[in-house]
Amino acid sequence: MIEALKSDEIVNKVGGRFKLTALIQKRMMEIMDGARPLVDRTPGMTDLEMVVQEILEDKIAIDYAGSGLYEPSELRK
């Protein structure tokens, strides 16, 4: 699962490594505060692996409209 962090797929999905790191950090804080997982948690799965899986399954994403950030597709235009 952590191997997915080395892939450009997940980086491009959120628009860059910094945004990916910020999204992971925000979701990890939510999980630590008691938020329910949005994916099925398998035995031995760490919180980080669960958050990465949520991103890969498009269960969580950056709220570009609410944040004022440009979406990755808009940057390529």
Problem - Farthest toward positive dipole pole in the chain [+1 Lys/Arg, -1 Asp/Glu at C-beta], among PHE18, THR42, SER7 - result: PHE18
Practice task
Note the angle between two axes, namely the Cα long axis of helix 47-56 and the longest principal axis of the Cα atoms of the chain, as a number of degrees from 0 to 90, rounded to the nearest 10.
Solution key: 40 degrees
Exercise for the section: Could you size up the charge dipole of the chain around its Cα centre, putting +1 on the beta carbon of Lys and Arg and -1 on that of Asp and Glu, and report it in debye to the nearest 20? Expected result: 220 debye
Handout entry: Helix-derived mean residue ellipticity, 222 nm - over the chain, DSSP H n ≥ 4, -39500 (n - 2.57), to 500
Key = -14500 deg cm²/dmol
Problem - Rg and Dmax [Cα atoms of the chain; Å; Rg one decimal, Dmax integer] - result: 12.8, 43
Exercise for the section: Under 18 Å between C-alpha atoms is the cut-off here; go through the chain and count lysine pairs that meet it, provided they're at least eight residues apart or on different chains. Expected result: 6
Exercise for the section: Give the angle, between 0 and 90 degrees and rounded to the nearest 10, that separates the Cα long axis of helix 17-32 from the longest principal axis of the Cα atoms of the chain. Expected result: 30 degrees
Exercise for the section: Compute the length gained on full extension between SER67 and ASP33: take 0.36 nm times their separation in residues and subtract their Cα-Cα distance, giving the result in nm to one decimal. Expected result: 10.0 nm
Problem - Sparse-neighbourhood loop sites, GluC sites (Glu not before Pro) in region 1-64 - DSSP loop, at most 13 other Cβ within 10 angstrom - result: GLU57
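No lab work stands behind these numbers, since they all come straight from the coordinates. This is a predicted model, so every value here is computed, not measured. Cβ sites come from the backbone with ideal geometry, for glycine too, and all protein chains shown count toward neighbours.
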